[in-house]
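Okay, so here's the structure we're looking at.
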Amino acid sequence: MQDVLEQLKAGIRRFQTTVYPEQAEMFRRAVAQPQEPHTLFIACADSRIDPEMITQSTPGEMFVLRNIGNLIPAYGEMMGGVSAVVEYAVSLLKVKHVVVCGHADCGAMKGLLNPDSVTTMPAVENWLKNATAARSIAEALGAKNEEPGILMRRVTEQNVLLQIQHLRTHPSVAAAIARKELTISAWVYEIGTGEVRICEDGIEFVPVV
């Protein structure tokens with residue numbers, strides 16, 4: 001385990017000697033004024049997902065929330081960190097857009113489709129209840145004997161759309177949308193190809209080209 005810490009330290013040194021000097025002025029500006037991110041980016045905690053890299057954003061542009069499965073409990077259910085982040089970003093930081101981003105090969109979606117695989121992790125099992133309806137919709141829209149990969153792709157998309165429904169139940173979000181101060185989009189990121197598909201109409205995910 002010490003090797004892992006040394007690897008992290010080596011990364012810090014590279015940042016301090018190579019990355020930071022080239023962008024020092026940007027970092028100085030970032031700390032000299034209050035943050036004003038334009039987007040709340042809600043993504044999965046999967047270690048292969050890097051919201052800033054995907055969007056080529058710089059420090060200060062996005063307020064990022066990550067958790068297993070990019071889930072957003074409906075307001076009043078499981079009140080905690082997720083609700084607080086949403087409220088803070090919308091009410092105080094005044095973000096103009098919210099992205100809910102799912103991704104290919106998501107472990108949470110695998111657990112959703114195979115509940116027995118998470119029975120030894122009660123906290124995860126309980127958390128995934130926030131996505132149960134996505135599985136029901138994905139299975140209802142499917143055909144018999146279809147490829148497992150197709151169902152996985154569909155449940156990933158339906159989960160993102162479901163979480164946006166949950167997001168809209170949060171009072172701060174509902175009010176900002178009513179004032180036309182906030183918009184929302186659903187994304188799915190394909191790790192292996194770099195493709196990002198965005199749904200703006202609540203129905204179809206269209207690749208960014």
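The values are calculated or read from the model by the stated rules, or taken from the named source; none is laboratory data. Quantities reported herein were computed from a predicted structural model and do not represent experimental measurements. Ideal geometry is used to build each Cβ from the backbone, glycine not excepted, and the neighbour counts take in all protein chains shown.
Whether any residue in the stretch 56-65 is out of contact with any Ser or Thr (no Cβ under 6 Å at 6 or more places or on another chain), surrounded by 12 or more Cβ atoms within 10 Å (Cβ to Cβ) and touching a residue at least 60 places away in the same chain (Cβ under 8 Å) is what I want to check. No, because not a single residue in the stretch 56-65 is out of contact with any Ser or Thr (no Cβ under 6 Å at 6 or more places or on another chain), surrounded by 12 or more Cβ atoms within 10 Å (Cβ to Cβ) and touching a residue at least 60 places away in the same chain (Cβ under 8 Å).
If you go through the stretch 90-111 one residue at a time, do you hit one that is of a type outside the set (A, V, I, L, M), at pLDDT below 95 and in the same structural domain as residue 164 (by TED's automatic domain parsing)? For the stretch 90-111, residues of a type outside the set (A, V, I, L, M), at pLDDT below 95 and in the same structural domain as residue 164 (by TED's automatic domain parsing): absent.
Screening residue 111 against (1) within 30 Å of residue 180 (Cα to Cα); (2) in a helix (DSSP H, G or I); (3) among the small types (Gly, Ala, Ser) leaves a single unmet condition, (1).
Would you mind stating whether residue 154 is of a type in the set (D, E, K, R), in a strand (DSSP E or B) and without any contact (Cβ under 8 Å) to a residue 60 or more places away in the chain? So residue 154 does not fit the description; no.
Considering every residue within the stretch 32-55, establish whether at least one is closer than 25 Å to residue 137 by Cα, surrounded by fewer than 16 Cβ atoms within 10 Å (Cβ to Cβ) and modelled with pLDDT of 95 or more. So far as the stretch 32-55 goes, yes, one or more of its residues are closer than 25 Å to residue 137 by Cα, surrounded by fewer than 16 Cβ atoms within 10 Å (Cβ to Cβ) and modelled with pLDDT of 95 or more. Pairs are defined by a Cβ separation below 7 Å, a sequence spacing of at least 6 or placement on different chains, a first member in the stretch 165-183 that is surrounded by 20 or more Cβ atoms within 10 Å (Cβ to Cβ), and a second member that is of a type in the set (Lys, Arg) and modelled with pLDDT of 95 or more; the pairs so defined are 182/96.
A quick yes/no check of all residues on (1) under 17 Å from the mean Cα position of the chain (by Cα); (2) over 22 Å from residue 161 (Cβ atoms):
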position: 46; (1), (2): yes, no
position: 52; (1), (2): yes, yes
position: 99; (1), (2): yes, no
position: 110; (1), (2): yes, no
position: 128; (1), (2): yes, no
position: 139; (1), (2): no, no
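Residues in the stretch 26-50 that are free of Cβ contacts under 8 Å to residues at least 40 places away in the same chain and either hydroxyl-bearing (Ser, Thr, Tyr) or closer than 30 Å to residue 131 by Cβ (or both): 45, 47, 50.
For the stretch 178-209, residues that are of a type in the set (S, T, N, Q) and farther than 15 Å from residue 51 by Cβ total 2.
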